[in-house]
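The values are calculated or read from the model by the stated rules, or taken from the named source; none is laboratory data. Owing to the predicted nature of the structure, the values given are computational and were not obtained by experimental measurement. Reconstructed Cβ throughout: ideal geometry from the backbone, glycine too, with neighbour counts over all protein chains shown. Surface accessibility is based on the protein's heavy atoms, side chains included, excluding ligands, DNA and RNA. Shrake-Rupley method; radii C 1.70, N 1.55, O 1.52, S 1.80 Å.
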Amino acid sequence: MTDAAPEPAVDGGESKSLSQRELVLLAASALVALLVHAHYCFAGFGEQDAARLAMDAVHWRADHVIYMADVDYRLRTSPLYIHLLRIALDHGLAIRSLPKLMNGASVLVSSACMVGLYLLFRRFSGSRIAAAATVVYAFTPCFWLGSVYGMPTLLGLSCWIFAMLAFSRAAEEPKITSPRALQFLALTLLLSWFSFALKADLVLSAGALLGILWIENRWRSLFSVAAVGVVGAAFGLALVYASSLASVAPPSGDREGTSNLHGFLKNWNARFPFRWEFLVDPKNNICITHAVGSVLFVLVVLALLHGFVVGGARTRFTLGMAAWGLPAILFWGLKSGNSARHNLPAFPGLVLLAVGLLFLLTRQNLKKAWLLIALLAGISLLDETGGNSVAPKVNLLATSRQVEGSSNSLHQRAGEFMSGPNPKKAVIEANYLLAYSEFEVWAAAKSATSSPGNPRIVIDGDRETRVYQVGNSHQARSIAQDLRRQGWDVFSVEFQL
């Protein structure tokens with residue numbers, strides 16, 4: 001695919017196969033990334049959704065059934081992730097160790113993702129630009145945070161990167177019916193299913209497969225039909241898989257019709273509606289700019305504008321990278337509740353586009369390009385805004401300290417409450433922080449059973465803990481007062497009780 005690359009052949013027309021030097025450097029880089037991310041890996045859950053996913057698996061194992069309506073959107077968007085956590089618990093993993101498993105998986109997979117990104121980028125632009133783009137993307141806030149705490153987004157992205165690699169190998173074949181093409185298309189389907197079953201919104205990046213064909217100027221071939229078919233089949237199988245895991249509705253009936261797909265989409269869109277004003281709302285679009293950093297985001301915009309007007313192979317390349325990244329950015333940018341994490345899968349190709357522009361500006365001079373990258377990185381550190389997983393700081397260490405500090409505080413406070421001597425305890429939270437506190441309830445238990453409902457009653461020997469989900473502080477205080485009169489210890493991280 002090097003012949004149709006967007007930049008001139010940086011390395012003088014290199015081979016598609018990796019040299020021994022490249023292999024050594026690639027392995028060493030992956031090892032360094034692994035060690036760095038392992039050092040900064042979080043101890044607990046990095047955000048609320050990570051805790052909720054863990055508790056979905058815990059409830060599933062405790063109740064021996066998982067209800068589609070009870071787990072909100074998560075079973076539809078991350079069925080494979082929840083299922084894998086459930087399997088780990090079934091095979092003896094302690095509930096206390098769930099954050100270690102989830103965070104450790106992200107550390108391992110992020111290194112594999114960087115290898116896959118380099119191999120994919122190299123097919124488009126040559127080894128030097130590919131290496132620079134991989135490094136730049138690895139130090140974006142969204143990728144950094146995805147590498148040090150557990151969420152399925154990075155895992156899904158990694159599978160998608162390798163699916164793209166497999167498809168690009170298939171597209172090299174002159175005929176789609178050749179055995180080699182069919183083998184790589186089958187691998188693309190499998191990896192795409194993994195990706196969509198881990199995180200359903202990775203389907204927003206599906207245009208990348210057509211983008212590969214645009215870059216190669218082969219979009220008129222049957223491979224375009226194959227790309228659409230693979231994505232449709234993989235996404236459909238992921239939906240069927242999610243439905244196969246769950247019971248249709250809880251015993252009390254289907255809340256708001258969310259157990260069927262149509263009802264779920266209607267309910268979810270009502271909660272998170274599309275609105276054009278969100279795209280220009282600083283509270284929403286800051287999640288986009290802070291996913292990669294404000295300076296790099298501006299460079300991405302300039303690279304897109306340049307690529308669209310210059311014509312030829314570069315325009316085809318720009319269209320391919322835009323098909324990969326822009327749908328996800330627009331989808332989440334037009335919805336409330338955006339997050340930097342949502343934009344993680346959208347930016348790899350756009351970062352490659354931006355780095356390619358820097359190499360073009362420096363006339364392919366490697367030293368000048370790296371000096372310019374370093375200068376822009378230094379300027380980006382002047383942006384001190386942000387400071388959480390939704391809109392992280394560009395300063396990776398600072399944002400890690402802030403996010404992990406907040407997480408550790410939640411774990412510690414709930415853990416200290418559960419270590420108290422009173423055998424009658426109650427936890428009262430709204431949905432926002434409920435999973436953190438309930439996790440510590442289960443983690444403190446030696447051999448717990450539970451009764452689902454609101455409150456969920458967790459029995460551990462002679463200890464009983466009730467977990468209440470409430471809608472407001474007035475309701476929380478009313479329940480707390482009643483329980484304390486009956487001799488219960490009451491705790492909340494969200495309400496002043």
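Brief remarks follow.
- The residues on offer are Ser409, Ser400, and the sole one that is hydroxyl-bearing (Ser, Thr, Tyr), free of Cβ contacts under 8 Å to residues at least 12 places away in the same chain and either in a helix (DSSP H, G or I) or at negative phi (or both) is Ser409.
- Flag for Val107 being open to solvent by 20 Å² or more (accessible area, probe 1.4 Å), under 23 Å from Ile161 (Cβ atoms) and hydrophobic (A, V, I, L, M, F, W, C): no
- Residue within the range 78-97 that is in contact (Cβ under 8 Å) with a residue 60 or more places away in the chain, open to solvent by less than 30 Å² (accessible area, probe 1.4 Å) and of a type in the set (Ser, Thr, Tyr) present: yes
- Restricting attention to the range 445-497 and to residues that are assigned to a loop (DSSP other than H, G, I, E, B) and open to solvent by 80 Å² or more (accessible area, probe 1.4 Å), the residue that is modelled with the highest pLDDT turns out to be Gln486.
- Subset of the range 77-104 [within 19 Å of Ala200 (Cα to Cα) and under 15 Å from the mean Cα position of the chain (by Cα)]: Thr77, Ser78, Pro79, Leu80, Tyr81, Ile82, Met102
- Residue check, Ser147 without any contact (Cβ under 8 Å) to a residue 60 or more places away in the chain, within 17 Å of Pro345 (Cβ to Cβ) and surrounded by 24 or more Cβ atoms within 10 Å (Cβ to Cβ): no
- Gly387 open to solvent by less than 30 Å² (accessible area, probe 1.4 Å) and more than 25 Å from the chain's Cα centre (by Cα): no
- Some residue of the range 252-263 being modelled with pLDDT of 95 or more and exposed (fewer than 14 other Cβ atoms within 10 Å of the Cβ): no
- So Arg52, is it closer than 17 Å to Arg341 by Cα, open to solvent by 30 Å² or more (accessible area, probe 1.4 Å), out of contact with any Phe, Trp or Tyr (no Cβ under 7 Å at 6 or more places or on another chain) and not in a loop (DSSP other than H, G, I, E, B): yes
- Any chance Trp193 is aromatic (Phe, Trp, Tyr), over 29 Å from Leu75 (Cβ atoms) and either at pLDDT below 95 or within 23 Å of the chain's Cα centre (by Cα) (or both): no
- Here Arg128 meets each of (1) more than 22 Å from Leu80 (Cβ to Cβ); (2) at pLDDT 95 or above with one exception, condition (2).
- Each residue in the range 360-382 was checked for being open to solvent by less than 40 Å² (accessible area, probe 1.4 Å), within 30 Å of Asp49 (Cβ to Cβ) and part of a loop (DSSP other than H, G, I, E, B), and 0 pass.
- Of all residues in the range 303-337 being buried (at least 16 other Cβ atoms within 10 Å of the Cβ) and of a type in the set (Ser, Thr, Tyr), the one that is farthest from the chain's Cα centre (by Cα): Thr315
- Selected residue (criterion: farthest from Phe439 (Cα to Cα)) from residues of the range 386-397 that are in contact with a Ser or Thr (Cβ under 8 Å, 6 or more places away or on another chain) and touching a residue at least 24 places away in the same chain (Cβ under 8 Å): Val394
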